[in-house]
Amino acid sequence: MLVWLSLVLCYLAFLALALAMPRHHEQLRGRKPGRGLVWLLRITGAVLLGLSAWPALIWWGNPAVAVSSWLGILSVAAFAVAMMLTYASGWWRTTLAGAGTAAILLLVLPVFLHP
Amino acid sequence: MKNGFRQSMAWLHTWTGLLLGWLLFAIFLTGTIAYFRSEVTYWMRPELHGSVQGADPAGLALARLAEVAPQAASWNITLPDERNPVLALSWAKPGEQAGRRGGETMVIDAATGATLSPRPTAGGEFLYRFHFELYGLPRSFARWIVGIATMAMFVAIISGVITHKKIFKEFFTFRPGKGQRSWLDIHNMTAVLALPYHVMITFSGLVLFAATLMPLVVDRPAPRGPAPQASAAVAALPPPRALPQLVPLAPLLAQAEAAWAMPVGRIGIEKLDGPRPEIVLVPQRNSVLTVQSGSGANGVERMRFDGLSGALIEQTGRPEASATAKVNHALGALHRARFADTALRWLFFVAGLAGTVMVGSGLVLWVSKRAARHSRAERQPRGLWLVERLNIGGIAGLTLATAGYFWANRLIPADAPERALLEIRAFFLIWLAAAVWPFLRPPAKAWSEQLGLAALLLLALPPLNAATGPSSLLQAMGQGNWVLASVDLMAILCGLACAHAAWRARPGRVKAPKPRARVQASQVPGE
């Protein structure tokens, strides 16, 4: 569960970072982003990337093992964003909603499962 | 120096990559599969597939050992785990050294205790060994070759990062169907997105070769004394005796598992021929990076109990080590990934596949660039002609040979003499044929024929498993035997990737006069 949480957070982070790039922003939303929005997206992406390390740290316990695993998760998530941009860019909002919902569920569910 | 730093780096990247590219592709592909070498070996021994874990494998193992080896001085039990659902026993006579060299071994059904006799197989071990020692060459010579290739890989990574102008701008960019452009995108993407992994695996590989490549800097351990003379002691068998009544294992296992937060992987019963036998517990694997991970799969911690009272005699943790030693251990551990749980193993596997595709696409790119440049020439330059054909044998051919290796495992009779050797020969014969093939056929045809055949073999692997083993893919999934099922499922996935590649590479798909597009039509297999 925690590994998946880390993965969806990474996906959201890279999606935000892709949206912060004018080329992909235009590809997805049909217009160039403003300066303010670019910075907002960059910061969101960076914060989410930072957050995605946290479930990995809990899951793997040992920091060195957790960091190696987290780097692997980064690769997989970045690859997923790149493939979405190439083959399913029309679905980007759906993947955003899906990953967002999954992240919230994965955060909240454990509270109910282990009260 | 050519026209500047970046161009020089591009030149370096191109030629180090080409010179050792095929070897690096083979190292990456076999090394990546080797992350799952015990799973592959398990798949290759269908005699074990019927064994499902029972309630008390340790108790079962003890009962069987008391039956088959009552006179032994020590017993060893390797418990089933998530990578290898098999219960293995070994024992040594008094005076004999237990372990790989001495003693006897036996595999039993983890539920019934029945003796199983798995076929001898080269298994995943062959692919693992091949990725750093190749085959049939003197060991240190082969290690030198692979060490040089590793160094070239490291050079290629660094020069590649410098050469790549738009590392951030094109971070997510893949433009399919655009010929050479697409190959460059695949090459860049698989390199950049898994860059931490590539740097880690290459650098740690180099460090593992340090003793080979820099023999003078290593403090050699003092030469070992003569091996203990076992024969005399073995000859004088002790008179039959009653086996000591050992304490129940379950509470000891629970105690160790609580202390380590890691299941017990191996149980040793020592000094069985003495008055007070001892029980040694070993964790399944290391849970940290900074300890020696050697060639054994288990962790370094030990717990020693009195076999009669169950009292803890000694508990050894991780040995103290200097910072340098810890870094050295950590690099070795990261490379071998024996500490890794299933999730991390999969992540490394995916990153390893990315590395395989990176090397393969780099090789294809070399041809693609030059084919475009010489598209109007009457004749291709000899180098281009050669590389184009070697690429097919090196990339598609190795994929085909690997698929064929799995088939050889099931088609060679289980009781054939020297069967492990036959499996290895089948692998090399297929690879050799695949390497010659492109010299007899037009390249586009050879690409798609070899990839198509590899796809066929991989997609038919689950039916072959069902026909030659006790559990089909569906049965394995039903039993929750995911080790067996995931090898079959991965074969289907790789088969589909090869089929897709073969379809993209089929001759006549792209008009012939545009060599630039013709080369683009080929796809890198092994995804």
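The sole residue among B:LEU429, B:LEU390 that is without any contact (Cβ under 8 Å) to a residue 12 or more places away in the chain and surrounded by fewer than 20 Cβ atoms within 10 Å (Cβ to Cβ) is B:LEU429. Residues of segment A:11-45 being away from chain B (no Cβ under 14 Å), free of Cβ contacts under 8 Å to residues at least 12 places away in the same chain and assigned to a loop (DSSP other than H, G, I, E, B), which ones? A:GLY30, A:ARG31, A:LYS32, A:GLY34, listed by residue number.
Among the residues of segment B:116-146, the ones that are under 16 Å from B:ARG37 (Cα atoms) and in a helix (DSSP H, G or I) come to 11 in all.
When we screen B:CYS498, B:CYS494 for residues that are assigned by TED's automatic domain parsing to the domain that holds B:LEU386, over 20 Å from the mean Cα position of the chain (by Cα) and either buried (at least 17 other Cβ atoms within 10 Å of the Cβ) or of a type in the set (A, V, I, L, M, F, W, C) (or both), the only hit is B:CYS498. Could you tell me whether segment B:389-412 includes any residue that is out of contact with any helix residue (DSSP H, G or I) (no Cβ under 9 Å at 6 or more places or on another chain) and either more than 20 Å from B:ASP185 (Cβ to Cβ) or outside any helix (DSSP H, G or I) (or both)? Scanning segment B:389-412 turns up no residue that is out of contact with any helix residue (DSSP H, G or I) (no Cβ under 9 Å at 6 or more places or on another chain) and either more than 20 Å from B:ASP185 (Cβ to Cβ) or outside any helix (DSSP H, G or I) (or both).
Checked against the criterion of being touching an Asp or Glu at 6+ places or on another chain (Cβ under 9 Å) and either under 21 Å from B:ALA354 (Cα atoms) or in a helix (DSSP H, G or I) (or both), the candidates A:VAL65, A:VAL8 yield just one match: A:VAL65. For the residues B:ASN286, B:ASN328, B:ASN298, the requirement of being closer than 30 Å to B:ALA58 by Cα and within 14 Å of another protein chain (Cβ to nearest Cβ) singles out B:ASN286. Of all residues in segment B:48-72, those being loosely packed, with under 15 Cβ neighbours inside 10 Å and either free of Cβ contacts under 8 Å to residues at least 12 places away in the same chain or touching a strand residue (DSSP E or B) at 6+ places or on another chain (Cβ under 6 Å) (or both) number 2. Is segment A:47-54 home to any residue that is surrounded by 22 or more Cβ atoms within 10 Å (Cβ to Cβ), within 14 Å of chain B (Cβ to nearest Cβ) and closer than 13 Å to A:ALA77 by Cα? Yes. When B:ALA371, B:ALA354 are screened for being in the same structural domain as B:HIS198 (by TED's automatic domain parsing), buried (at least 18 other Cβ atoms within 10 Å of the Cβ), farther than 12 Å from B:TYR35 by Cβ and more than 33 Å from the chain's Cα centre (by Cα), only B:ALA371 passes. Got a sec? Which of A:LEU74, A:LEU48 is within 29 Å of B:PRO176 (Cα to Cα), in a helix (DSSP H, G or I) and at pLDDT 95 or above? It is A:LEU74. The single residue among B:ALA340, B:ALA259, B:ALA297, B:ALA321 that is outside any loop (DSSP other than H, G, I, E, B) and either over 30 Å from B:ARG129 (Cα atoms) or not basic (Lys, Arg) (or both) turns out to be B:ALA259. Are any residues in segment B:171-193 assigned to a loop (DSSP other than H, G, I, E, B), more than 9 Å from chain A (Cβ to nearest Cβ) and on the phi < 0 side of the Ramachandran plot, and if so, which ones? Correct list: B:LYS178 only. Of all residues in segment B:268-287, those being part of a loop (DSSP other than H, G, I, E, B), modelled with pLDDT of 85 or more and either in contact with a Pro (Cβ under 6 Å, 6 or more places away or on another chain) or buried (at least 16 other Cβ atoms within 10 Å of the Cβ) (or both) number 6. Selection of first residues in segment A:57-75 that are facing another protein chain (nearest Cβ under 8 Å) and buried (at least 22 other Cβ atoms within 10 Å of the Cβ) and of second residues that are of a type in the set (Phe, Trp, Tyr) and outside any helix (DSSP H, G or I), restricted to Cβ pairs under 7 Å at least 6 apart or on distinct chains, gives the following pairs, ordered by first then second residue: A:VAL65/B:PHE339.
The values are calculated or read from the model by the stated rules, or taken from the named source; none is laboratory data. Everything numeric in this text was worked out from a predicted model, so none of it was measured. Positions of Cβ are generated from backbone atoms using ideal geometry, with glycine treated the same way; all protein chains shown enter the neighbour counts.
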